[in-house]
1. Please work out whether the stretch 107-147 counts as rounded, prolate or oblate from its C-alpha gyration tensor, where a ≥ b ≥ c are the square roots of the eigenvalues and a/c under 1.5 means rounded, while otherwise a/b larger than b/c means prolate and anything else oblate?
2. For the chain, what does the relative contact order come out to in percent, with C-alpha contacts under 8 Å and a separation of six or more?
3. Return the loop-located chymotrypsin sites (Phe, Trp or Tyr not before Pro) in the stretch 59-98 (DSSP other than H, G, I, E, B) with at most 12 other Cβ atoms within 10 Å of their own Cβ; answer none if there are none.
4. At a Cα cut-off below 16 Å, give the lysines reachable from Lys25, other chains included and same-chain residues fewer than 8 away excluded.
5. Does the stretch 3-117 classify as rounded, prolate or oblate by the C-alpha gyration tensor (a ≥ b ≥ c root eigenvalues; a/c under 1.5 gives rounded; else a/b over b/c gives prolate, otherwise oblate)?
6. Among Phe241, Ser53, Ile163, which residue has its Cα positioned farthest towards the positive end of the charge dipole of the chain, with +1 placed on the Cβ of Lys and Arg, -1 on the Cβ of Asp and Glu, and the dipole taken about the Cα centre?
7. Which length gain, in nm to one decimal place, applies between Arg136 and Trp211 when the Cα-Cα distance is subtracted from 0.36 nm times their residue separation?
8. Which order do peptides 116-125, 5-14 fall in by mean Cβ count within 10 Å, highest first?
Amino acid sequence: MKDIKIAILRIEGTNCEQESYDAFKRLGAKPEFVHLKQLLHIDCDENEKRNISDYQCIMIPGGFSAGDYIRAGAIFAARIKSKLQKDLENYVKQEYPILGVCNGFQVVTELGLLPGISEIVSPIPKACLNINDSDRFECRPTLLKHENNGKCVVTSKIPKNDIRLIPSAHAEGKLLFPTDKQEKYLKKLEENDQIVFRYVDPDGNYAGYPWNPNGSISNIAGICNNIGNVFGMMPHPERSFYKHQHPEWTRSGLNNNYGDGRAIFESTLDYICKRF
């Protein structure tokens, strides 16, 4: 485990890198903060330069990269694509995992890595994370139902239909597809087992606001690509690593103090250990 290197990728405006780093570190892996300039080999010393191939996993954390100008995640994604698109495509083909959380989900969508229905990287985005229906920033606990049948490599330790409380904090989390292809894409995602999490109410039923904090189509909170190694979700699993981070822990108890988000990081590391 200590040999697994995780790149926590950041630029100006990302602000969840520490929690993401800590989640992997607590499990015994070797995370590293990596500024995008280090991968682009600009404005850094020779000993600071890094390559995508140096890592067994890349995580793009939450925040407001580049101030969310133009669209959330668009500038971060454009900078990556400017020089690293081929390297990124090869990385995915080799089946290394990429995690995008909140702003990271927006970035991997802008990169064309998600929804990833029929191609590794699409030249233009085929989905977007739009402004919440409430037209405001939503910061609230959200209940997610795990609906994946096993394709997604980063949720393998979460039972099917398990409901987990993982907090959301975003202003642009409404997953949308092109209107004329919406039903086609949803059908393909279902057929390919690419839908990972959906927003539900306390009874496990699909529900609208506030249970679905953004109005995302089909209540989707997280998806993976067709291979299963690129994963994006809007809620923050790194913020529910411990049970004491949950708002109702005093009622339900600590239960070994394992939070509902921990399994995502455990699943990722387990996959890397077995696959590579």
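1. oblate
2. 18
3. Those satisfying the criteria are Tyr69.
4. Lys2, Lys5
5. Numbers: a/c = 1.21, a/b = 1.18, b/c = 1.02.
Taking the square roots of the gyration eigenvalues as a ≥ b ≥ c, the stretch 3-117 is rounded.
6. Final value for the positive-end residue is Ser53.
7. Here the segment from Arg136 to Trp211 would lengthen by 25.5 nm.
8. 5-14, 116-125
Since every read-out is calculated from the coordinates, none of them should be taken as a lab result. On a predicted model such as this, the values are computed, not experimentally measured, just so you know. Counting neighbours? That spans all protein chains shown, and the Cβs are built from the backbone with ideal geometry, glycine included.
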